[in-house]
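The values are calculated or read from the model by the stated rules, or taken from the named source; none is laboratory data. These numbers come from a predicted model, not from an experiment. Glycine also receives a Cβ, built like all others from the backbone with ideal geometry; neighbour counts cover every protein chain displayed. Remember, those area values only see protein heavy atoms, side chains included, never the ligands or the DNA or RNA. Shrake-Rupley method; radii C 1.70, N 1.55, O 1.52, S 1.80 Å.
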Amino acid sequence: MSSTQCEECGHGNQLGSQFCSSCGQPLGVRASDETAALEEHELAGLQGAPTRGDRVPGPGVLEVSDGPKAGSRFELSDDVTTVGRHPESRIFLDDITVSRRHVEITTAGDGYRVRDVGSLNGTYLNQQRVEEADLHNGDLLQVGRFKFHFHLEPSSTAS
């Protein structure tokens, strides 16, 4: 069986893994390749950014605030965004606390809706277990050990 060695701890991981199963370090990514997440005060500053022409409200964003992948941002630009441990998930979370098919996030009119799709550990929205619920700006979504803050990208209209 082939494996990918973690550059951080040296652990041999299954070929195709994105994160080390021992230390959680992203595989095949050097520290210089990592993308820095914007701080909340930096995001607030984007609201006044100039745009060209009219702009429809931007997509929702899930930002990992705690757990493996902290600081990662995921744009919810698809009609259905799948979240889970299955390698074909739109948001792939390579962690045993996440079910292979854990959650789906769908666009619902002008908002977003989260639906647990049969996970073993459950899905939590603002620390309450949910099967299905609407997402609102500032909500805290927990999937396994991952905690995401949900927010809507700033929108603006040119004058």
Accessible area expressed per residue, segment 51-130, with surrounding protein chains retained (probe 1.4 Å, Å²) = 55 Å²
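Summing Lys, Arg as +1 and Asp, Glu as -1, what charge do residues with Cβ under 12 Å from the Cβ of Thr81 carry, Thr81 excluded?
Numbers: positive: Arg90, Arg113, Arg115; negative: Glu75, Asp78, Asp79, Glu104.
Here the count lands on -1.
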task = Give, as a single signed number, the net charge of other residues whose beta carbon lies under 15 Å from the beta carbon of Thr123, with Lys and Arg counted +1 and Asp and Glu -1.
result = +1
ask   = At what distance in nm do the modelled label points of Arg73 and Gln5 sit from each other, each positioned 7 Å from its Cα along Cα→Cβ?
value = 3.6 nm
query = Once label points are set 7 Å from the Cα along Cα→Cβ at both Asn126 and Arg90, what is their separation, rounded to one decimal in nm?
reply = 2.3 nm
ask   = Net charge near Glu132, counting Lys/Arg +1 and Asp/Glu -1 over other residues with Cβ under 10 Å of its Cβ?
value = -2
